[in-house]
Each structure stands twice: as structure tokens, then as C-alpha cells.
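What follows is a single structure, written as C-alpha cells, with notes after it.
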Amino acid sequence: MERLGVLLVASCQENQESPELRRRRRWARLFDQLDLNKDGRIDLRELRVGLAKRGVSRSSVDKVVLAGDTNQDGELDFEEFSRYLHTHEKQLRLLFSNLDRNHDGEIDAAEIQHSLRSIGLDVSRQEAERILNSMDRDGTMTIDWAEWRDHFLFNPLHNMEDVARYWRHTMILDTGEQLRIPEELSDQSRSSVWRQLASGGLAGAVSRTSTAPLDRLKVFLQVHGSFPGTSSVGNSFQSMVREGGLGSLWRGNGINVLKMAPETAIKFTVYEQIKGLLGGSDASGHLKLQERFIAGSLAGAIAQTAIYPLEVLKTRLTLRATGQFSGVADCVSQLLRREGVWAFYRGYVPNLLAIAPAAGIDLAVYESLKNSWISRNSASGPPGVLVLVSCGALSSTCGQLASYPLALVKTRMQAQAAEGGGPRPSMTALFHSILAQEGVAGLYRGLSPNLLKVIPAVSISYVVYEYMRKVVGAGVPR
């Protein structure tokens, strides 16, 4: 086999080999490591197994095979493998040269900062050093060509935007309860941001629609303890379908999806304005954790104030019986006629009070989990998709747990008129009533379906977001 010949010739002439021969010897050894069954070919399974140990994602492995498999047999022989690495190393060398501004053969943190800023992505010195540390194998706080080449050898990068996307993953994962704004998103240019918000908006719409039955069950449990006429949670879905057909499981979902666009746009715009006022804690304008908490909480409060009438409509439409409203306009008309304009802000105070603990805990837990992973896996590069999705799901769950009693009281206040006239208790009166009649557990009614929807919501949101991001070209600034 040719690769064995390369190894033999190389070992005999080790002291007088040319750079090209040394390179082919390195490729041959690498090929031999990846060729698990030693049949002279590397298939997709072998490549995935071998490169998973190097922290290469499945999607990157698939792209390597797609680019290198010239005869399209689903495998790479040594020549195809060598041709792919030869082409890819040329691209990596060009990227390395562009980053190496002073042409000393090494890349330092300042050069990383400058290169990312040149494409509109502003990073702090600390973040640049963290990126550098993920590739620096000899502890010199610089990256030479060999370190750069080996780190990106099986990552199909073609330009600086691809490198930036690899270094800084940004995802908008919508669970229906999200208040945290990714710091990476707020660092990007506006054109890229709005492409990502559009991708995230569609992902959130699909995610919320897919989990809407669980959301409707949650609302019923918060207000009634179970679906009216049932004595257990188990047959609530069946009772909903009996009462209004299969489509009744999605009541209120239209408004829930509709309110996403203005809420997200207002929240992000306000966040950017507050971030500008705070000025950031370092020379690059980045916010400290506590500053991001303040900015995120204020942005969430203002966005919620603006779209809160839609929240009330969503609750009323979710709880409505068949034939109660002919549509959204009829629901608005009946609320105005029977209860006045203030009906659209019922439950506003507990909703506002829930924002700070939910956003703060979500942010703090997310940062803690992500930074803990980075500190323990500093040699593995930036956290991958599974890590970020897991951090986001866990932090969102913790934020919801902390604010859930306030969310429950908010929903009950929004639904008060739907339960029939009479005096409407205040927020504190409702808390006392729930504790007296149902105990502490009463403040967490509906929590189970709410938590059950987190994992499917995040998963669906991520899959759709990634697909749409590619369609609209929403990665990093271009």
C-alpha cells in the first residue's frame, strides 16, 4: 500500500527528507491511526470515531468526507485523504498569515483581537487569551503554525468568519420562558444580529407550537388544578380533546407566537441602549455579569410592559371554552366591554417581580456552568453545541423554578374574570389563599408539564435555528 511505502521511505531517509516528504509521512501516520480496520480506507464511521476524540463535531466530519471523497464511494483512500489535507492546509496557512500581522510566525492575543474586530466582532483581551489558550499546547501564550494547523486540521474553515463562528458559538434557544440575552449576540453587527433574531424567531415559533399542548396543560393546572371536570392530570389531555377537538390543544398558541417578534425586538433594542449607557466594564465595552443582569432585567421589564396585553390575551384564549370567543378580536372586544382597559394588565405586578430572579438566576447559572466547563476543558477549544444547549436548558430550568410561584399567581390573576365575576383578590391575597388552601405545593401547580417541555423546546429550537441560520446566512458579520 502506498501509505506504507511512504512510511518506509520516510523512516529510511528521516534525516534528509524534504518538507513535502515529512508532510506526507505525517499524513500517512494520521491515516493509519484513523483506519481502524486497516483496510486502506477510512469510512464515515471510522472518521467519526477517530475524530470524536479530537473534539471534532459530526457535522465537521461529514463535511470532510464530502469535500475529500472525489469518487463518491463514501470512503477516503490515502490519496483522497492526502489531497483533502493538502488543500485544507493551504487554506489554513492563508488564514494563519492573515492573522499573523507582524509576520513573526506566531499569533498572540492582540492579533486575535484585531482580526475579530476587523470583521465587526469585538472581544475583550481576556476572551482573546481564552481563545489562544484553547490552542496553545506549549504554554508560550502564542500560537505557531503547527499548533494552528493541528487544531483546525479537520474543521472545514474557509475564511475568518468561519474561524470566528467556531470560536464564539451564538444560539437563540427559545423555551417560551427565556429572558437572558446572549452576550455574543449583543457584540455583533446589526445586520448579523437581525438575521440571527429572524432565525431565532422562526425557531421559537416552531418550538412553542410543538410544545403548545404542554403549555396549555400547565396553564390549566396553574388556574384550576386540572382540566375542568377531571380529577387527575393523566386524563386532562383526553378531556381537552373531548371538549374541543384535537385543535383545542393549541388554543392560545397563535398569540404566544405572535408576541415573540415585538418582545424580542424591544428587549434586544433596549438591552443595547442600556449597555451603551453603562459603557461596559473594560476597554472593549463588555459588561460584567452584574451589569448584564441589570441590563437584561430592565430590557425584559420594558419589553414585558409593552407586550403584556398579549400575555393576558394568550391566557384568556388558552383557557376559553369552545365557542366562548370567535377569535382574537372578539376576545379583545369582550374584555374591553366587560372589564375595561385595565383587564389587559391584570397580573402585571407579579410578572414584573418575577423578571429579576428569573433573568438573574438564568444568567448566573448559565455563566457558571459554561465557565466551569471551559476551565476543565481548556485544551478542547470553545464549548460545543451539546455543552451550550445543556447549559441553556439547565439555567432556564433554574430560573423558572425560582420565579414559578410568581408566574402562577400572575396566571391566576390574568384568568380571574374567566372564572366568573365577584371581587378579585390582590396578589398578596392570592398568595395567602393558595398557601392556606393548597399549601406550598399549590404554588408549584403545573410545574411538571412546564419542565417537561424544556428539553423538547430547546432541542427543536436548536435544530430549526441552525437550519435557518444557514439559509439566511446568519453566522457572524459578513
Open item on the list: So if each residue of separation counts as 0.36 nm, and I subtract the Cα-Cα distance between Leu21 and Asp104, what length gain in nm does that give?
Closed with: 27.4 nm
Task: Burial order of peptide ranges 346-356, 307-317 (average beta-carbon count within 10 Å, highest first) - done: 307-317, 346-356
- [ ] Could you work out how far apart the two model spin labels at Leu246 and Arg83 are, taking each label as a point 7 Å from the Cα in the direction of the beta carbon, and quote it in nm?
- [x] 5.0 nm
TODO: Give me the compactness ratio for segment 35-167, meaning the Cα radius of gyration over 2.2 N^0.38 Å.
DONE: 1.14
Task: Entries in Lys267/Lys410; Lys370/Lys453; Lys314/Lys370; Lys38/Lys90 that, when Cα-Cα distance is taken, lie over 32 Å - done: Lys314/Lys370
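Since every read-out is calculated from the coordinates, none of them should be taken as a lab result. All values derive from a computational prediction rather than experimental measurement. Positions of Cβ are backbone-derived with ideal geometry, glycine not excepted, and every protein chain shown enters the neighbour counts.
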